[in-house]
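Data block below; observations after.
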Amino acid sequence: MTSIRTLELRIERSIPAPPTDVFDAWLDPRVPGTPWNAAERFIVDAKVDGLFYWTLKGTAHYGRFTALERPAQIRHTWVSPNTLGEESTVTVTFQPEGDETRMILVHADLPDHERARAHEAGWTYFLGVFREQFGDGSRKPYRWEEAHPPAASR
């Protein structure tokens, strides 16, 4: 039996809002910066053992919620062609930090492969757009090209 090397990505942002607001917004498909908002088609059943499915540029992403602990944590599985069809785990935690929330997204169990490593750029972009939905009132629209620059410019 061969062991597949995996990697873990960690992205953090300070969000100028309380954890309950940030937690609720992350699950709301109307809020830019969430994966659900960027989707061309989506199904989200945000409950433990609830499933999600969404497509973007014809690429399917799907998984199952394994923990929803409002306002502290959301955890779900994640499968897409960029995980090489392997199941990975996304854990998002929301920690109070004064008047703000420290949002930490950890994407674990990704195969150590160039396609899986590309999740870092995607999550970084999403969380940047998501952060802009709070505080200064900016409502930056989602743009696929910003999250996924052409391979030549990476």
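What follows is calculated from the coordinates using simple rules that are stated; it is not laboratory data. What you are looking at is a predicted structure, and each value in this text was computed from that prediction instead of being measured. Because the Cβ atoms are built from the backbone with ideal geometry, glycine has one as well, and the counts that use them run over all protein chains shown.
Site pair Asp99 and Glu86 shows an inter-label distance of 4.4 nm when each label is modelled 7 Å from Cα along Cα→Cβ. Just to confirm a number: summing +1 for Lys and Arg and -1 for Asp and Glu over residues other than Thr77 whose beta-carbon lies under 12 angstrom from that of Thr77, what do you get? In short, -2.
If you take all other residues with their beta carbon under 13 Å from the beta carbon of Leu7, and give Lys and Arg +1 and Asp and Glu -1, the sum is -2. In this entry, the chain is assigned a mean projected area of 9.5 nm², taken as a quarter of its C-alpha convex hull surface.
Across the range 122-131, rounded Karplus estimates of 3J(HN,Hα) from the backbone phi angles (6.51 cos²θ - 1.76 cosθ + 1.60, θ = phi - 60°) give x, 5, 4, 5, 4, 5, x, 5, 4, 4 Hz, Gly and Pro being marked x. Ranked by how many other Cβ atoms sit within 10 Å of their own Cβ, fewest first, the residues His113, His107 fall in the order His113, His107.
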